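Step one of this worksheet: look at the structure below.
The values are calculated or read from the model by the stated rules, or taken from the named source; none is laboratory data. Please read all numbers here as calculations on a predicted model, not as lab measurements. For neighbour counting, all protein chains shown are included, and Cβ atoms are generated from backbone atoms with ideal geometry for every residue, glycine included. What goes into the accessible areas is simple: the full protein's heavy atoms, side chains included, and nothing from ligands, DNA or RNA. Shrake-Rupley method; radii C 1.70, N 1.55, O 1.52, S 1.80 Å.
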Amino acid sequence: MPETPEERARREIDADLVAAGWIVQSREDLDLTAGRGIAVREFPMKSGFGHADYLLYLDRKAIGAIEAKAEGTLTGVEAQSAKYGAGLPDNLPAHKRPLPFLFESNGTVTYFTNGLDPIPRSRRLFNFPRPETLGELVGQATQLRSRLKELPPLDETGLWKVQIRAIRNLEESFADADPRALIQMATGSGKTFTAVNVCYRLLKFANAKRILFLVDRGHLGKQAEDEFANFTPPDDPRKFPQLYTVQRLKTNAINPAAKVVITTIQRLFSMLKGETEFDAANEEGSGFDSAKPWQGEPPQVVYNAGIPPEFFNFIIVDECHRSIYELWSQVLLYFDSFLVGLTATPAGKTIGFFNQNLVMQYGHAEAVTDGVNVDFDVYRIRTKVTEKGSTIYAGDTGVYVDKRHKLTRAERLELLTQDLTYTANQLDRDVVSESQIRTVIQQFRDKVLPEAFPDRKEVPKTLIFAKDDSHADDIVRIVREEFAQGNEFCQKITYRTGFLRVTNVVREGGREYTVTDWERRSNLTPDEILANFRTSFLPRIAVTVDMISTGTDVKPIEIVFFLRNVKSAGYFEQMKGRGVRVLSPDKLKVVTPSAKAKERFIIVDAVGVCEQDKTESQTLNRQPSKSLPELLEYIAQGGTDPDALETLAGRLARLQREFTAPQLAELKELASGKSFPDLAHNLLKAVDPDAQIEAARKLPGATAQPTEQQIKAAAEQLAQQAVTPFLKAAFRRRILEIRAANEQTMDRHSIDEVLYAGFDASAVMKAQAKIKDFRAWIAEHRDELTALQVLYSGTRPLKLSLKDLRQLKDALARPPLAATPTQLWRAFQAVESDKVKGIGGSQLADLVALVRHALVPDFTLVPYAEEVRERYQTWLVERDAEKNFTTEQHEWLDRMAEHIATSLSIVPDDFEDGWFGQRGSLGRAHALFGEKLQPLLAELNERLVA
């Protein structure tokens with residue numbers, strides 16, 4: 001007879017219990033000596049309480065019960081299991097009464113209610129807790145959720161208001177037993193430091209068993225480890241690792257003593273699958289960013305007794321802006337843990353995954369107001385080839401073009417007999433237009449830098465995002481040429497920087513084959529170059545594809561330069577976030593000596609990335625437009641969706657035709673003797689329903705008509721066998737290398753032209769808003785500040801002190817306006833360029849010019865010092881200075897005028913310091929000008945300070 005739904009549910013529940021370490025017995029065969037945890041089927045309860053489907057014994061005492069149901073909803077079943085909890089016969093031993101641990105399960109879904117919690121609430125589990133886990137729980141004086149309600153007040157030492165708010169709100173969420181919480185904090189506001197504080201409090205005051213800290217990619221794990229290593233709690237002089245063991249996983253083994261485990265989700269998934277080893281190369285890319293959701297089911301996580309669902313009490317997911325709710329959600333939901341997400345840019349699906357429990361929301365705009373982030377302006381560069389592509393005309397006799405090998409960069413000539421037209425999408429992949437790159441870089445050098453950073457003597461630290469490694473190489477070379485600088489000035493930073501691909505011939509067992517490897521050929525690793533970019537004068541410009549797009553901290557960056565497009569809104573925000581970091585003037589001057597302060601950063605948009613609509617996520621399906629790297633990355637991370645396998649099989653068939661025989665032979669060796677046709681056949685077999693049924697018939701215990709579960713198990717087995725060769729990073733990498741070796745056409749015939757170069761419309765609108773706010777602000781505060789009172793009165797000569805202007809400057813810097821004189825000057829320059837002469841805002845006295853121009857827009861905005869110098873030259877002519885003053889007197893008068901230009905006046909005491917003090921002070925002034933000194937000072941103050 002076919003299995004009934006009830007029988008299937010009991011069979012699956014039995015299997016789940018056994019996997020979790022329970023011994024399942026019938027009541028007739030009851031033997032409490034068989035092991036520590038016993039699950040007894042159909043156990044009779046007290047009269048009127050029926051039979052418990054399963055009664056759980058721990059150490060010979062009853063501890064819980066399970067209500068088993070056929071497949072279907074379990075809502076409302078808690079009342080039945082609660083009845084079992086209260087119905088244990090009075091003469092039987094129990095750890096507590098009523099029974100504290102109650103479960104409802106249909107074999108597919110299991111719910112658990114801990115009756116010892118302050119407010120018992122059922123929650124879904126991946127599988128039953130192990131017997132020893134229930135033993136730990138029943139032995140605790142208070143449960144975790146009770147302890148979370150009793151956390152002591154937060155010691156605010158070393159924290160700032162946003163971190164304090166985030167921790168308090170999160171702990172309120174914990175106290176309410178909310179299973180998921182999301183913290184949004186702008187880049188640079190201290191998310192990781194906040195998380196470390198939370199971990200410390202959970203371990204010390206909530207007695208958390210173990211915390212998992214998941215990072216976005218491998219090198220960010222090191223940053224997180226350093227944050228824990230450097231953390232000193234406010235109530236203990238020892239560092240965090242001296243109090244609690246912190247382990248960053250480098251192998252697939254967790255130290256039993258570890259209280260905080262740091263790893264990537266890629267490695268964690270590998271461990272849950274029971275793999276003993278994991279290729280660290282799989283942690284180089286972003287797990288959350290590169291994992292693309294497929295339309296089918298994600299790869300399944302199976303129960304792992306070594307890492308049971310109750311292994312971690314808390315999971316903190318750093319940079320959780322993408323994909324955790326798709327491919328990786330199965331990994332996170334395996335654990336019976338509180339989930340805490342940290343992100344600067346939450347997508348809508350991310351907020352949904354965390355049950356809309358956004359406990360902290362602190363965005364870029366608020367961070368700019370608080371001085372945690374700097375704002376940005378967009379400078380747009382448009383060129384003809386960038387937007388429309390170009391055509392190489394062959395003419396009547398043909399034309400020779402250069403063909404370049406992508407990897408070796410070797411070039412050869414080829415006769416082009418027909419016109420070659422390429423689109424903007426083909427640029428830098430199929431065709432390289434050096435003129436396009438060169439034109440953009442020339443505009444950057446000749447327009448962007450002088451207009452955006454007019455007072456700089458060196459190029460501000462600049463990060464350029466390229467399309468791929470080949471494109472990055474072209475950019476690096478052209479930047480060095482256009483700036484006439486050496487190798488250190490501009491450097492590429494990717495995961496392969498400093499490594500060279502080497503092919504060696506190996507002879508073994510009478511056979512000869514080639515092995516490809518990467519050898520370090522530079523003294524500097526990517527991390528070391530990145531450190532130099534962060535802390536040293538050189539390099540000034542770094543070119544990358546995506547190595548430092550998320551999470552990496554390089555505070556001195558003042559220009560983020562896009563030479564590649566980005567379609568993902570979250571990813572784009574993360575890339576922009578590399579420029580928002582605040583840096584003190586002193587630290588900025590260490591790497592950029594001529595900089596005064598980092599008040600903003602510039603986005604140079606050479607591809608229209610700021611103008612195009614973005615999506616929150618990208619879905620892959622069986623579309624030929626989806627890239628091979630995305631396919632291989634998905635497979636490498638455990639993906640076995642049928643659409644993915646079928647698409648990959650099709651790609652292999654195409655590559656079989658494109659690759660040479662020696663290349664295919666090399667790949668066959670790397671794939672353990674399987675050719676591309678073999679691999680493609682296995683992939684298609686894994687998604688073939690007939691093949692799945694045939695494989696299911698061969699499973700132990702299967703019949704000619706295998707069950708749905710057996711077919712599913714066989715399909716998973718076929719899929720795992722088919723993808724095994726692709727799990728090796730060396731094999732995937734070599735496929736991509738050979739494919740990348742296809743030649744590019746070098747267009748050295750078309751000359752690009754600039755269509756537009758200037759600040760974009762959003763920057764102008766932002767400047768208009770700042771000017772409007774500035775005018776409203778000075779009108780509102782005209783009676784509160786001495787400087788505004790004097791400037792509004794219009795009295796001449798001006799009777800103001802530097803102290804008055806400092807007071808005005810400090811008031812402007814405070815929210816809500818939060819503006820500096822330099823920012824206000826740039827705003828007027830962007831909106832009213834015809835009424836602004838010169839570059840100002842750096843001198844305190846320029847506030848006079850700014851306020852006057854704001855009050856009377858018809859007045860030209862000129863740096864205050866320039867006005868003083870102009871009046872001084874007029875005064876010299878009127879006094880016939882060449883005849884009436886000696887050379888030394890003239891020099892002293894020049895210095896007096898300069899002092900007035902920066903300090904608004906000059907008085908006798910001013911002669912005691914600076915240039916005057918070094919040349920005889922007030923005594924020398926009296927000797928030079930005699931009795932005319934005082935009248936002369938009064939005249940200069942009146943004529944120059946207008």
*Close pairs from region 872-897: first free of Cβ contacts under 8 Å to residues at least 60 places away in the same chain, partner surrounded by fewer than 16 Cβ atoms within 10 Å (Cβ to Cβ) and among the aromatic types (F, W, Y), Cβ under 7 Å, at least 6 apart*: R895/W915
*asked:* Here's a check for you: in region 64-83, which residue that is over 13 Å from S105 (Cα atoms) and surrounded by fewer than 22 Cβ atoms within 10 Å (Cβ to Cβ) is modelled with the lowest pLDDT?
replied: A79
*Name the pairs: first residue in region 793-821 and closer than 13 Å to K770 by Cα, second residue among the aromatic types (F, W, Y) and surrounded by 14 or more Cβ atoms within 10 Å (Cβ to Cβ), Cβ to Cβ under 9 Å, at least 6 apart or on different chains?*
L812/F774; L812/W777; P816/W777; L817/F774; L817/W777; A819/F774; A819/W777
*asked:* List pairs: first residue in region 757-783 and more than 30 Å from T386 (Cα to Cα), second residue exposed (fewer than 12 other Cβ atoms within 10 Å of the Cβ) and not hydroxyl-bearing (S, T, Y) anywhere in the structure, Cβ distance under 8 angstrom, at least six positions apart or on different chains.
replied: D773/P816
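When you check A946 against the structure, is it in contact (Cβ under 8 Å) with a residue 12 or more places away in the chain and surrounded by 15 or more Cβ atoms within 10 Å (Cβ to Cβ), yes or no? Even if it seems obvious, please write down each step before you answer.
On the way: in contact (Cβ under 8 Å) with a residue 12 or more places away in the chain: yes; surrounded by 15 or more Cβ atoms within 10 Å (Cβ to Cβ): no.
Taking the combined requirement at face value, the residue does not satisfy it.
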_Pairs where the first residue, in region 96-114, is more than 13 Å from E12 (Cβ to Cβ) and the second is of a type in the set (A, V, I, L, M) and open to solvent by 10 Å² or more (accessible area, probe 1.4 Å), C-beta under 6 Å, 6+ apart_ = P98/A86; P100/L116; E104/L74; E104/V77; Y111/L74; F112/L125; T113/L102
*asked:* Return the pair list, or none, for Cβ contacts closer than 7 Å from residues in region 140-152 that are modelled with pLDDT of 95 or more to residues that are open to solvent by 30 Å² or more (accessible area, probe 1.4 Å) and part of a helix (DSSP H, G or I), at least 6 apart or on different chains.
replied: Q143/L137; L151/F205; P152/F205
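Answer yes or no as to whether L148 is in a loop (DSSP other than H, G, I, E, B), touching a helix residue (DSSP H, G or I) at 6+ places or on another chain (Cβ under 8 Å) and either under 29 Å from G115 (Cα atoms) or not basic (K, R) (or both).
Values: in a loop (DSSP other than H, G, I, E, B): no; touching a helix residue (DSSP H, G or I) at 6+ places or on another chain (Cβ under 8 Å): yes; either under 29 Å from G115 (Cα atoms) or not basic (K, R) (or both): yes.
Here the answer is no, as L148 does not meet what is asked.
Those residues that are of a type in the set (D, E, K, R) and open to solvent by 60 Å² or more (accessible area, probe 1.4 Å), I need them from region 373-413; list them, please. Steps first, answer last, please.
Start the filter on region 373-413 by keeping residues that are of a type in the set (D, E, K, R), which leaves 375, 377, 380, 382, 384, 387-388, 396, 402-404, 406, 409, 411-412.
Across region 373-413, the qualifying residues are R382, K384, E387, K388, D396, R409, E411, R412.
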*asked:* Just checking: which of the helices (runs of 4 or more DSSP H) contained wholly in region 814-896 hold 2 or more residues that are surrounded by 19 or more Cβ atoms within 10 Å (Cβ to Cβ)?
replied: 821-831, 846-855, 864-878
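Within region 693-737, which residues are of a type in the set (G, A, S) and closer than 23 Å to A653 by Cα?
Pass one, region 693-737, residues of a type in the set (G, A, S): 695-696, 701-702, 704, 713-715, 719, 722, 729-730.
Answer for region 693-737, where residues must be of a type in the set (G, A, S) and closer than 23 Å to A653 by Cα: A715, A719, A722, A729, A730.
Check whether at least one residue in region 151-169 is under 30 Å from G64 (Cα atoms) and either open to solvent by 30 Å² or more (accessible area, probe 1.4 Å) or in contact with a helix residue (DSSP H, G or I) (Cβ under 9 Å, 6 or more places away or on another chain) (or both), and report yes or no. Working first, answer last.
Initial filter on region 151-169 (under 30 Å from G64 (Cα atoms)): 151.
Adding the requirement that they be either open to solvent by 30 Å² or more (accessible area, probe 1.4 Å) or in contact with a helix residue (DSSP H, G or I) (Cβ under 9 Å, 6 or more places away or on another chain) (or both) leaves 151.
The answer is yes; a qualifying residue exists.
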*strands (runs of 3 or more DSSP E) completely within region 317-405 that count 1 or more residues being in contact (Cβ under 8 Å) with a residue 12 or more places away in the chain and charged (D, E, K, R)*: 375-383, 399-405
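Can you say whether D53 is open to solvent by less than 50 Å² (accessible area, probe 1.4 Å) and over 19 Å from E310 (Cβ atoms), as far as the supplied structure shows? First the steps, then the outcome.
On the way: open to solvent by less than 50 Å² (accessible area, probe 1.4 Å): yes; over 19 Å from E310 (Cβ atoms): yes.
In short, yes.
So that you can scan it fast, the table gives a plain yes or no per residue for (1) at pLDDT 95 or above; (2) basic (K, R):
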residue: K461; (1), (2): yes, yes
residue: D473; (1), (2): no, no
residue: Q491; (1), (2): no, no
residue: R496; (1), (2): no, yes
*Out of the residues in region 554-585 that are of a type in the set (D, E, K, R) and under 14 Å from the mean Cα position of the chain (by Cα), state the one that is farthest from P539 (Cα to Cα).*
E573
*asked:* Return the residues of region 585-597 that are at pLDDT 90 or above and part of a loop (DSSP other than H, G, I, E, B); say none if nothing qualifies.
replied: T592, P593, S594, A595
*Name every residue in region 428-484 that is open to solvent by 20 Å² or more (accessible area, probe 1.4 Å), part of a helix (DSSP H, G or I), farther than 17 Å from D752 by Cβ and touching a residue at least 40 places away in the same chain (Cβ under 8 Å), in order of residue number.*
E451, D469, D473
_Being in contact with a Phe, Trp or Tyr (Cβ under 6 Å, 6 or more places away or on another chain) and within 17 Å of K770 (Cα to Cα) is the filter here; which residues of region 831-845 pass it?_
V836, G840, G841
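Can you tell me which residue is farthest from I38 (Cα to Cα) among those in region 98-117 that are assigned to a loop (DSSP other than H, G, I, E, B) and at pLDDT 95 or above?
If we filter region 98-117 for residues that are assigned to a loop (DSSP other than H, G, I, E, B), which is where we start, we get 98-100, 106-109, 115-117.
Subset that is at pLDDT 95 or above: 98-100, 115-117.
On the way: P98: 18, L99: 15, P100: 16, G115: 20, L116: 21, D117: 24 Å.
Going through the qualifying residues, I end up with D117.
Table: residues versus (1) at pLDDT below 85; (2) outside any strand (DSSP E or B); (3) farther than 20 Å from A344 by Cα; (4) among the small types (G, A, S).
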site: N532; (1), (2), (3), (4): yes, yes, yes, no
site: P539; (1), (2), (3), (4): no, yes, yes, no
site: M547; (1), (2), (3), (4): yes, yes, no, no
site: G551; (1), (2), (3), (4): yes, yes, no, yes
site: K555; (1), (2), (3), (4): no, yes, no, no
site: N565; (1), (2), (3), (4): no, yes, yes, no
site: M575; (1), (2), (3), (4): yes, yes, no, no
site: L583; (1), (2), (3), (4): no, yes, no, no
